[in-house]
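Notes follow the structure.
The values are calculated or read from the model by the stated rules, or taken from the named source; none is laboratory data. These figures come from a predicted structure and were not determined experimentally. Neighbour counts are summed over all protein chains in view; Cβ atoms, including those assigned to glycine, are modelled from backbone coordinates with ideal geometry.
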Amino acid sequence: MQNRTFIQQAYNGKIGRWKYLIPAILFFGLMGLNILVSTIMDIDQSKIIADQIERDGKNFTFFTLLAPFAVLLGLLFIYVKLVHKQSIRSLTTSRKKIDWSRVWFGFILVAILITAMTVGDYLLRPEAYEMNFNFSQFIILAAIAIILVPLQTSFEEYMFRGYLMQGIGVISKYRWVALFVTSLIFGLMHFANPEVSMLGPVIMISYIGTGFLLGIMTLMDEGMELALGFHAGNNLITALLVTANWTAFQTDSVLIYTEEPTAGFDVLIPVFVIYPIYLFIMAKKYKWSNWKSKLFGKVQPVSDK
């Protein structure tokens, strides 16, 4: 049997366009309904979160926001196994087994940079932060975050960089279509976040850019491992280290950012400067090549026997 690329792993299961439509319609239907209702009724997501925090506390609110993703991840795995008859391994990577060292590398790489940048900014501008460390609350936060954040980010990765990227790739026959569609939808999924109402539509550059970053990692490395680790590290370290009162996830983190947010270079620099650095480091470590073919090439059909 020929070696199959990451997208071609879909041929290890039972491909059918209608099979891919069901999860997509259900998930994006709920997301679209949420955005539509919020827009029509002029719902202030920040106020809703603030009210819940006032009523239930930050840790319980954080738990209620993350727990549904664990359920969604389980449902997606069950659907892939039962309907597509596809293994979770082939949904994850083109390698013979999941490379956990890649997961950890993606995690550690982003964790180091976020920590260094946050600590550096705190030392340079301490007036922009409030020290918020409370041991008892932080331990509870850490327990919730360490368990649920990877499940939340893993659902998003398996939905976008796994299930949809493979599905769109084998249906469209082009890798770039899978990359562009999943990255755009990933970004638009965050449109109802309170950060958008606070910073304006320009923040969508960050969300869509992050989608492209994770998609490029997946296609170039022929597997999701780096994206899984990177996404988990980004969200986990941020939740533990620093949050603000205008973000979707407000936690009992070590620091609280207190300055008014601005949507200028703070949005553009990560996407156009820092993200290419991540890709450069990964490309050097894993010796990526054939960028044009891997990002824009055709998906060759293979027998699913």
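The residue list PRO270, PRO261 contains one member that is under 30 Å from GLY200 (Cβ atoms) and within 17 Å of the chain's Cα centre (by Cα), which is PRO270.
From GLY209, GLY169, GLY200, grab the single residue that is over 30 Å from VAL254 (Cβ atoms) and among the small types (Gly, Ala, Ser). Lay out the reasoning, then the answer.
Details: GLY209 fails: over 30 Å from VAL254 (Cβ atoms); GLY200 fails: over 30 Å from VAL254 (Cβ atoms).
Among GLY209, GLY169, GLY200, only GLY169 is over 30 Å from VAL254 (Cβ atoms) and among the small types (Gly, Ala, Ser).
Given the condition closer than 30 Å to ASN134 by Cα and out of contact with any Phe, Trp or Tyr (no Cβ under 8 Å at 6 or more places or on another chain), answer yes or no: does some residue in the range 211-228 qualify? Yes - at least one qualifying residue is present in the range 211-228. Quickly run through the range 173-199 and pick out the residues that are at pLDDT below 95, assigned to a helix (DSSP H, G or I) and over 15 Å from the mean Cα position of the chain (by Cα). Within the range 173-199, PRO194, GLU195, VAL196, SER197, MET198, LEU199 qualify. Residues in the range 69-100 that are on the phi < 0 side of the Ramachandran plot and either charged (D, E, K, R) or free of Cβ contacts under 8 Å to residues at least 40 places away in the same chain (or both): VAL71, GLY74, LEU75, ILE78, LYS81, LEU82, ILE88, ARG89, ARG95, LYS96, LYS97, ASP99. Restricting the range 252-288 to residues that are assigned to a loop (DSSP other than H, G, I, E, B) and either under 19 Å from PHE230 (Cα atoms) or of a type in the set (S, T, N, Q) (or both), the residue that is modelled with the lowest pLDDT is THR262. Looking only at residues in the range 1-58 that are in contact with a helix residue (DSSP H, G or I) (Cβ under 6 Å, 6 or more places away or on another chain) and over 29 Å from GLN300 (Cα atoms), which one is modelled with the lowest pLDDT? Of everything passing the filter in the range 1-58, GLN45 is modelled with the lowest pLDDT. Any residue at all in the range 209-218 that's assigned to a helix (DSSP H, G or I) and over 29 Å from VAL119 (Cα atoms)? Within the range 209-218 (the criterion being assigned to a helix (DSSP H, G or I) and over 29 Å from VAL119 (Cα atoms)), the answer is yes, since at least one residue qualifies.
Rundown of residues vs (1) closer than 18 Å to LEU236 by Cα; (2) surrounded by 12 or more Cβ atoms within 10 Å (Cβ to Cβ); (3) modelled with pLDDT under 95; (4) of a type in the set (Ser, Thr, Tyr), yes/no style:
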| residue | (1), (2), (3), (4) |
| --- | --- |
| ASP99 | no, yes, no, no |
| VAL103 | yes, yes, no, no |
| ILE108 | yes, yes, no, no |
| THR115 | yes, yes, no, yes |
| VAL119 | yes, yes, no, no |
| TYR122 | no, yes, no, yes |
| TYR129 | no, yes, no, yes |
| PHE138 | yes, yes, no, no |
| ILE146 | yes, yes, no, no |
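With respect to the stated conditions, VAL202 is assigned to a helix (DSSP H, G or I), surrounded by fewer than 16 Cβ atoms within 10 Å (Cβ to Cβ) and at pLDDT below 95.
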